[in-house]
Amino acid sequence: MSELLRTPLYAAHVRLNARLVPFAGYAMPVQYTSIREEHEAVRERAGLFDVSHMGQLHLSGPRANEALESLVSCEIDSLGIDRARYGLLLNETGGCVDDVMVTREAEHALFLCVNASNVKKVREWIESRVGPDVVVEDRSLETALLALQGPAAASILTRLGVAKSDLPKRFRVARLVLAGSPVLVSATGYTGAPGFELYLPGPEAEALFDAILEAGSVDGILPAGLGARDTLRLEAALPLYGHELDESTSPFEAGLGRFVKPLDRGFIGAAALRARGHDSADEAKGASGSGLERCLVGFEMTGRGIARADYEIIHEGQVVGRVTSGAPSPTLGKSIGLGYVPPALCEIGQRLSIRIRSKDVAAEVVERPFLRTREKKSTSR
């Protein structure tokens, strides 16, 4: 087994007594105090995550925009400079190679934040599909990425010497100096809470991490790990690659049709989606009118039990699907989950069961996201 990689914040995690676990080839903090405490800090105040394991792929050159337009499901031509947009890379059969956040830094310079487990795959996939006049750079190992999430996030950053008016609006980026470091501040996140993601050179990350924790101490900020990140994103019903998304899953099955541009644009995977009977209005029509073979639903447990990934979903005694993600919701005080079922079982209020240790426990399909906040769009993880 190869040695685990360390993010630029590894020493800080050790100093803060984080519980470190292997994740996507890295030693990552799963928690510092408890998942519940860190989760509640993000919902009520602020939490600070190290997400430097995420991949950073940069594309540049006179044909960079055109090339990326043909590779990603979201529109690139209309993406302004210093703006970010969520999209999906699809394979030739319409399945998800990865879900990504695309940011335009300049007229012919863009970068993709990709899932940590997919960096090599996505880099090679892109390189094999763009011409020699598009430069693809993998800056993953030299870039640190912090996520400051929660209602106090903006106030905390202003204590580091920037005006609130300088902070970017949702899905925009700004170049700022924080605690003496040049930082690309992106108003994005993966928690369903307001906040920012901060890109900066790796060697400067620990100083900024400490400065943010100090500036946020009056608000009750906590460093937060992967455990809270997962329960937060689940409450917001945000997909996780390898759970809700994979190379056999179409964006329409996953309920992500709003992030797919018209299928006549000719991007990779579009022809396969049309052959499957999908169109860009599928999400508006609902699962029952779209020709889908399955659809992603959110459910809450009405019986006593906790749904976990890979548990079977039952209807009238028959296995009809599997749970993709599940956990107790600290905010809602109930167990929730996501999973794929046939379209006929996707309606809100549909009663199902989850098979937990050979016992079928009652559940019910509910609206997504489970937690209604203003932060409803996804980002790549």
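The values are calculated or read from the model by the stated rules, or taken from the named source; none is laboratory data. Keep in mind that this is a model prediction, so the values were computed, not measured. Backbone-built Cβ (ideal geometry, glycine too); neighbour counts: all protein chains shown.
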- Task: Considering each residue of the range 131-166, count those that are basic (Lys, Arg) and in contact with a Phe, Trp or Tyr (Cβ under 9 Å, 6 or more places away or on another chain), and give that number.
- Result: 1
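Name the residues in the range 130-169 that are without any contact (Cβ under 8 Å) to a residue 60 or more places away in the chain, of a type in the set (A, V, I, L, M, F, W, C) and more than 13 Å from Ser186 (Cβ to Cβ), would you? Working first, answer last.
The first filter runs over the range 130-169 and keeps only residues without any contact (Cβ under 8 Å) to a residue 60 or more places away in the chain, leaving 132, 154, 157-167, 169.
Now restrict to residues that are of a type in the set (A, V, I, L, M, F, W, C): 154, 157, 160, 162-163, 167.
Those that are without any contact (Cβ under 8 Å) to a residue 60 or more places away in the chain, of a type in the set (A, V, I, L, M, F, W, C) and more than 13 Å from Ser186 (Cβ to Cβ): Ala154, Leu160, Val162, Ala163.
Quick check on Thr93: is it surrounded by fewer than 18 Cβ atoms within 10 Å (Cβ to Cβ) and within 23 Å of Arg15 (Cα to Cα)?
On the way: surrounded by fewer than 18 Cβ atoms within 10 Å (Cβ to Cβ): yes; within 23 Å of Arg15 (Cα to Cα): no.
Spelling it out, it is not the case that Thr93 is surrounded by fewer than 18 Cβ atoms within 10 Å (Cβ to Cβ) and within 23 Å of Arg15 (Cα to Cα).
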- In the set Leu88, Leu16, Leu48, Leu20, the lone residue that is more than 26 Å from Thr331 (Cα to Cα) and either touching a helix residue (DSSP H, G or I) at 6+ places or on another chain (Cβ under 6 Å) or modelled with pLDDT of 95 or more (or both) is Leu88
- May I ask you to verify whether Arg274 is under 19 Å from the mean Cα position of the chain (by Cα), more than 15 Å from Tyr340 (Cβ to Cβ) and in a helix (DSSP H, G or I)? no
- Item | Pairs with Cβ under 9 Å, 6+ apart, first in the range 199-227 and over 18 Å from Arg159 (Cα atoms), second among the aromatic types (Phe, Trp, Tyr) | Tyr199/Phe111; Ala224/Tyr32; Ala224/Phe49; Gly225/Tyr32; Gly225/Phe49; Leu226/Phe23; Leu226/Phe49
- Query: Residues in the range 199-220: is at least one touching a strand residue (DSSP E or B) at 6+ places or on another chain (Cβ under 7 Å), within 20 Å of Gly87 (Cα to Cα), of a type outside the set (Lys, Arg) and not in a strand (DSSP E or B)?
  - Reply: no
- Query: Identify, please: which residue in the range 288-309 is modelled with pLDDT of 95 or more and out of contact with any strand residue (DSSP E or B) (no Cβ under 6 Å at 6 or more places or on another chain) and is, among those, farthest from Glu37 (Cα to Cα)?
  - Reply: Cys295
- Query: Restricting attention to the range 227-266, and to residues there that are in a loop (DSSP other than H, G, I, E, B) and among the hydroxyl-bearing types (Ser, Thr, Tyr), which single residue is surrounded by the most Cβ atoms within 10 Å (Cβ to Cβ)?
  - Reply: Ser250
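Mind counting the residues in the range 145-169 that are closer than 30 Å to Pro62 by Cβ, under 19 Å from the mean Cα position of the chain (by Cα) and surrounded by 14 or more Cβ atoms within 10 Å (Cβ to Cβ)? I'd like the intermediate steps shown before the answer.
Start the filter on the range 145-169 by keeping residues that are closer than 30 Å to Pro62 by Cβ, which leaves 145, 168-169.
The next check asks that each one be under 19 Å from the mean Cα position of the chain (by Cα); those that pass are 145, 169.
Those still in the list that are surrounded by 14 or more Cβ atoms within 10 Å (Cβ to Cβ) too: 145.
Qualifying residue count for the region: 1.
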